[in-house]
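Quick note: the coordinates plus some simple rules give every number you see, no bench work behind them. Note that the structure is predicted; figures quoted are calculated from it, not measured. Positions of Cβ are generated from backbone atoms using ideal geometry, with glycine treated the same way; all protein chains shown enter the neighbour counts.
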Amino acid sequence: MEIEHIAFNVENPDEVAAWYVSHLGFRIARCLQEPPFTHFIADDNGCMVEIYRNPPDAVPNYRQMNPLQLHLALVSQDPTADKDRLIAAGATLHEELQLQDGTRLVMLRDPWGLPVQLCKRGIPF
């Protein structure tokens, strides 16, 4: 088996998907123009994230969640430059860590509060 996608229920799927495309390099793989306004966005390797607004359940309060409960982790070759660029685009900084093995982790929140982690591993996976 392989992962097809991970999904996030959000208030404004059109805006969230557009921000991820513009600022994180995702592309729209599939999109619905009517409720639940599902957007499948894919990274360069084809890994997909589903962004949608599904009223049968409440949108989680991502801002109140500890980022260690849930976050989207992305490989970054330059976490400092990416952090600065994303903050300029509306993200907020939560935490920066430098691990003993040389790993650099930068935890941000996108403009809607969903945690996004930038990872530069000291020992790549």
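Overview of values
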{"quantity": "Added length on full extension, which subtracts the Cα-Cα distance from 0.36 nm per residue, Asp14 to Gln33", "calculated": "5.9 nm"}
{"quantity": "Computed lengthening from Asp84 to Gln98, 0.36 nm per intervening residue step minus Cα-Cα distance", "calculated": "3.4 nm"}
{"quantity": "On Cα atoms only, tilt of 13-24 relative to the major axis of the chain in degrees", "calculated": "30"}
{"quantity": "About the Cα centre, charge dipole magnitude for the stretch 60-125 (Lys/Arg +1, Asp/Glu -1 at Cβ), debye", "calculated": "80"}
{"quantity": "Cα-based helix-to-principal-axis angle, 79-88 vs the chain, degrees rounded to 10", "calculated": "40"}
{"quantity": "Taking the C-alpha atoms of the stretch 60-125, convex hull volume expressed per residue in Å³", "calculated": "78"}
{"quantity": "Estimated [θ] at 222 nm from DSSP helical runs (n ≥ 4, -39500 (n - 2.57)) normalised by residues in the chain, nearest 500", "calculated": "-5500 deg cm²/dmol"}
{"quantity": "Dipole magnitude of the chain, debye to nearest 20 (Cβ charges: Lys/Arg +1, Asp/Glu -1, about Cα centre)", "calculated": "220"}
{"quantity": "Förster-model FRET efficiency, 25 Å R0, Glu2 and Leu72, C-beta, rounded to 0.05", "calculated": "0.90"}
{"quantity": "Computed label-point distance, nm, for sites Val21 and Asn54 using a 7 Å Cα→Cβ extension", "calculated": "2.2"}
{"quantity": "Mean Cα-pair separation over length for the chain, i.e. relative contact order, pairs under 8 Å, 6 or more apart, %", "calculated": "20"}
{"quantity": "The chain - Rg (one decimal) and Dmax (whole number), Cα, Å", "calculated": "14.7, 48"}
